[in-house]
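Visitor: I have a structure I would like to understand better, so I am pasting it below and will then ask my questions one at a time.
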Amino acid sequence: MGDRPLLNRRLDGFGTTIFAEMSALAVKTGAINLGQGFPDTDGPEAVREAAVRALRDGRGNQYPPGPGVPELRTAITDHQQRFYGLTLDPDTEVLVTAGATEAIAATVLALLEPGDEVIAFEPYYDSYAACISMAGATRVPLTLRAPDFRPDLDALRDLVTDRTRLLLLNSPHNPTGMVLTREELTAIAELAVERDLIVVTDEVYEHLVFEGEHIPLISLPGMRDRTVSISSAGKTFSFTGWKVGWVTASAPLVTAIRTAKQFLTYVSSGPFQYAVAEALRLPDDYFTGFREDLRAKRGILADGLTAAGFEVFHPQGTYFITTDIASLGEKDGLAFCRSLPERCGVVAVPNAVFYDDPEAGRSQVRFAFCKREDVLREAVSRLQQ
């Protein structure tokens, strides 16, 4: 095998994810895991029962159709119509994926070639960087800065070059909780039209907006044929292990993405697709109740972190709170997070891993509040001690 490294050089630096490392630490120390973004209770019983029913009825136990089962594709287009007034064709403009993570991978691998540039908000969800690298493209970060993490739209315009192929946006934004405003989205849409860019939007936290509103970019003028919208069931219905996500876009974009996706997983999550179809049709009070429950939990964790001496940046959406530990006399978020489980039995994630420029987020630490109230209160009391 010679001197050549075993790992493809494009994946150099993408070792074990921080989530795996921190979750292992949580298990080893018995600490409360506020690091990884998964709930500690399951979603609605009716949705879980729908999956059991599908299993028993033999729906989805064999390969489902490549684009996704028709019931789910129709439920997705009905959801887009119900919440956003968007009209999509379930047969040609929807693609069901193995979670939003596969949707991002398939989209990036389908639409990018070596030499292309991708502008993405920094800090970013870690799979963005890996997928762009695998496609041989170049990531160009637009850094969001504390305390409000708003995108600098003049800086965004300056980053666009002749090689820019797409913008990869995430709103509500993980890890900062920033939610793009209509004015910001309008400016981004105008830039995309002017420079003929494709825009990929990761909208997995669409139902978790506490301040402002979620506006899909695809709904703005000129964006219908150049936007790839990505979302999933995991965050909205608290079944993150089911891995059911989807892409909605114009037919030519969906066709391109499906071409890559079919060689990644081909299909996945058979019976769960039928269950998610039912979940998307839950009444409005499910979605508002879900949001209000997490709003209360955000308050518990934010107040507790503030009382413990952290500088807290209040998120407008998602289920994460970004903090700064400089107010605690600490400088290095990574070292802080590695020592926290032993020190007080709580696991968090250092934001530096979400930056190309680690200095930009060096003293920032992210906590997840998608946990039971008693767990959050216990974590807060440990942090205060």
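The values are calculated or read from the model by the stated rules, or taken from the named source; none is laboratory data. A quick note: this is a predicted structure, and the numbers were derived from the prediction, not measured. Here the Cβ is made from the backbone with ideal geometry for all residues, glycine too, and neighbour counts use every protein chain on show. In case anyone asks, the SASA skips ligands and DNA or RNA and just uses the protein heavy atoms, side chains included. Shrake-Rupley method; radii C 1.70, N 1.55, O 1.52, S 1.80 Å.
Visitor: Being without any contact (Cβ under 8 Å) to a residue 60 or more places away in the chain, in a loop (DSSP other than H, G, I, E, B) and touching a strand residue (DSSP E or B) at 6+ places or on another chain (Cβ under 8 Å) is the filter here; which residues of the range 177-205 pass it?
Guide: Answer for the range 177-205, where residues must be without any contact (Cβ under 8 Å) to a residue 60 or more places away in the chain, in a loop (DSSP other than H, G, I, E, B) and touching a strand residue (DSSP E or B) at 6+ places or on another chain (Cβ under 8 Å): 180, 197, 203.
Visitor: Got at least one residue in the range 86-102 being open to solvent by 10 Å² or more (accessible area, probe 1.4 Å) and among the small types (Gly, Ala, Ser)?
Guide: Yes, the range 86-102 contains at least one residue that is open to solvent by 10 Å² or more (accessible area, probe 1.4 Å) and among the small types (Gly, Ala, Ser).
Visitor: Just give me the residues in the range 344-355 being farther than 10 Å from residue 31 by Cα, in a helix (DSSP H, G or I) and either open to solvent by less than 10 Å² (accessible area, probe 1.4 Å) or out of contact with any Asp or Glu (no Cβ under 7 Å at 6 or more places or on another chain) (or both), in sequence order.
Guide: Once the filter is applied, which keeps residues that are farther than 10 Å from residue 31 by Cα, in a helix (DSSP H, G or I) and either open to solvent by less than 10 Å² (accessible area, probe 1.4 Å) or out of contact with any Asp or Glu (no Cβ under 7 Å at 6 or more places or on another chain) (or both), the range 344-355 yields 351, 352, 354.
Visitor: Residues to consider are 139, 165; find the one that is modelled with pLDDT of 95 or more and under 22 Å from residue 353 (Cα atoms).
Guide: Result: 139 is the single residue among 139, 165 that is modelled with pLDDT of 95 or more and under 22 Å from residue 353 (Cα atoms).
Visitor: Same structure, new question: Go through the range 291-330 and report how many residues are assigned to a strand (DSSP E or B) and open to solvent by less than 50 Å² (accessible area, probe 1.4 Å).
Guide: Qualifying residue count, the range 291-330: 8.
Visitor: Which of the residues that make up the range 12-53 are among the β-branched types (Val, Ile, Thr), part of a loop (DSSP other than H, G, I, E, B) and under 18 Å from the mean Cα position of the chain (by Cα)?
Guide: If the condition is that a residue be among the β-branched types (Val, Ile, Thr), part of a loop (DSSP other than H, G, I, E, B) and under 18 Å from the mean Cα position of the chain (by Cα), then 17 is the only one that fits.
Visitor: Say whether the condition of being acidic (Asp, Glu), without any contact (Cβ under 8 Å) to a residue 40 or more places away in the chain, under 30 Å from residue 145 (Cβ atoms) and open to solvent by 10 Å² or more (accessible area, probe 1.4 Å) is met by at least one residue in the range 209-229.
Guide: Looking through the range 209-229, at least one residue is acidic (Asp, Glu), without any contact (Cβ under 8 Å) to a residue 40 or more places away in the chain, under 30 Å from residue 145 (Cβ atoms) and open to solvent by 10 Å² or more (accessible area, probe 1.4 Å).
Visitor: To continue, here is another question. Would you pick out the residues in the range 271-289 that are assigned to a helix (DSSP H, G or I), of a type outside the set (Gly, Ala, Ser), closer than 28 Å to residue 176 by Cβ and open to solvent by less than 20 Å² (accessible area, probe 1.4 Å)?
Guide: Selection gives 276, 287.
Visitor: Limited to the range 278-301, what total is found for residues that are without any contact (Cβ under 8 Å) to a residue 60 or more places away in the chain and within 13 Å of residue 368 (Cα to Cα)?
Guide: 1
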